[in-house]
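Each reported figure results from applying straightforward, stated rules to the coordinates on display, with no laboratory input. On a predicted model such as this, the values are computed, not experimentally measured, just so you know. Heads up, the Cβs are rebuilt from the backbone with ideal geometry, glycines too, and the neighbour counts pull from every protein chain shown.
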Amino acid sequence: MPKAIRLHQTGGPETLVLEDFDPGLPAPGEVLVRHTAVGLNYIDVYDRIGLYPMPLPGGLGREAAGTVAAVGRRVRGFRVGDRVAYVLGQPGSYADLRNVPAERLVKVPRGVSDEQAAALMLKGLTAHYLLRRTYKVRRNDWILVHAAAGGVGLLLCQWARALGARVIGVVGNAEKAALAKRNGCRHVLLSGSGPLAPEVRRLTRGAGVAVVYDSVGKDTFMDSLDCLAPLGMMVSYGNASGPPPAISPLELAKRGSLFLTRPSLFAYISRPADLQSAARELFRMVSSDKVKLRIGQRYALADAADAHRDLEARRTTGSTVLLP
């Protein structure tokens, strides 16, 4: 019997339970995917604790890769055995099998492994929209990346360097600093070691950065604003330390007419054409080795609770996959 991690109540990692789970046959327009690797992301923690409410009982996980096991009626372009990957707004990828709308699937090319694809769909497509659409990074831009040794952070820093940007990374310890330095950061700063903005101003010769990519939230939000150059953009795309504080628009004005956005991946890939275009560019960057995905941890699907504990304790680096 296929298995899945199920959540019957919100709470800590102990609420994750491995159960028998039969997804059934694919409906018209759907494809049944047999997972070979499942991506772990901080949004899974938000789902588990109830920050993003969902019906219970339910599943967890937004991304996975595998092979097509069955094809529903009215599906074109996929056949049994195809290697595919996906990211969905609806949780449920912590499972052996899952039915997925065909329009949300992408084919995985040669040169990209199943583990890479599973770990890339959410983090990699997030890096794509942040760098290529939310703020289009240009050569010689100074940019600041929080959590630079994390899954999205490492991809952001490498890709930004490939675009010619000058990257300042912020990390939590010396080991992560060395990792960030090897993956695209020109300079790396340790969080909590002193005021952030003065050091960023020193490194940029007083100019500040064009954009801040902040996935930490409450603990870094105001400091991030102070690192920006006039007309700079604050991109708040995560809440690892809690939601950012409320802010008056006047705070943006007095710091130099700043821009503030809180983007979401699923808004950027809501159209199938945008999803396919972004995935193609992402896979090209990985296949060409301009962006190297580092999978720092692997856990059995049954050990998803341990994976969540390590993620929340910031004991992980790079990307993490669950293996059914």
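Some notes on this structure:
- In segment 194-324, the convex hull through the Cα atoms has an average projected area of 11.0 nm², a quarter of its surface area.
- Cα-derived Rg to Rh of the chain, Kirkwood definition: 0.98
- Here the calculated FRET efficiency for PHE78 and ARG314, from their Cβ-Cβ distance with R0 = 22 Å, stands at 0.05, rounded to the nearest 0.05.
- Cβ crowding within 10 Å averaged over residues, with 37-47, 73-83, 283-293 ranked highest first: 37-47, 283-293, 73-83
- For segment 139-262, the Cβ-based charge dipole about the Cα centre amounts to some 400 debye (Lys, Arg positive; Asp, Glu negative; other atoms uncharged).
- Dipole of the chain, positive direction: furthest Cα of THR10, ALA165, SER224, with charges on the beta-carbon: ALA165
- PHE259-TYR46 FRET efficiency (beta carbon distance; Förster radius 25 Å; 0.05 resolution): 0.50
- Restricting segment 163-252 to trypsin sites (Lys or Arg not before Pro) that sit in a DSSP loop and have at most 16 other Cβ atoms within 10 Å of their own Cβ leaves ARG186, ARG205, LYS218.
- Computed log10 I(q)/I(0) for segment 163-211 at 0.24, 0.25 Å⁻¹: -0.92, -0.98, from the Debye equation with unit scatterers placed on every C-alpha and solvent omitted.
- log10 of Debye I(q)/I(0), alpha-carbon scatterers only, for segment 257-299 at 0.13, 0.17, 0.24, 0.26 Å⁻¹: -0.49, -0.74, -0.88, -0.89
- Inter-site label distance for ALA178 and PHE266 at 7 Å from Cα along Cβ, in nm: 4.0
- Candidate lysines for bridging to LYS218, where Cα separation is under 24 Å - those fewer than 8 sequence places away on the same chain excluded: LYS123, LYS176, LYS254
- With both labels modelled 7 Å from their Cα along Cα-to-Cβ, the ARG139 to THR10 distance reads 4.8 nm.
- For segment 21-152, the normalised intensity computed at q = 0.13, 0.14, 0.17, 0.20 Å⁻¹ comes to -0.60, -0.68, -0.94, -1.16 (log10 of I(q)/I(0), Debye sum over alpha carbons, equal scatterers, no solvent).
- Stokes-Einstein diffusion coefficient of segment 139-262, Kirkwood radius over Cα pairs, 10 °C, 1.306 mPa s, in µm²/s: 112
- Share, in percent, of DSSP beta bridges within the chain that are antiparallel, nearest 5: 55
- Extension gain, ALA302-ALA197: 0.36 nm per intervening residue step, less the Cα-Cα distance, totals 33.5 nm.
- Taking the longest Cα principal axis of the chain as reference, the axis of helix 272-287 is set at about 70 degrees.
- Here, P(r) means the percent of Cα pairs in each 5 Å bin from 0 to the largest distance; for segment 105-196 it is 3, 15, 23, 21, 18, 13, 5, 2, 1, 0.
- Estimated purely from DSSP H runs of n ≥ 4, each contributing -39500 (n - 2.57), the mean residue ellipticity at 222 nm for the chain is -8500 deg cm²/dmol once divided by its residues.
- Loop trypsin sites (Lys or Arg not before Pro), segment 90-121 (other Cβ atoms within 10 Å of the site Cβ: 11 or fewer; DSSP): ARG110
- Folded to 0 to 90 degrees: helix 151-162 orientation relative to the chain principal axis, Cα: 60
- Residues in segment 299-312 carry Karplus couplings, in order, of 10, 5, 3, 5, 9, 4, 4, 5, 4, 5, 4, 5, 5, 5 Hz; the curve used is 6.51 cos²θ - 1.76 cosθ + 1.60 with θ = phi - 60°, and Gly or Pro positions show x.
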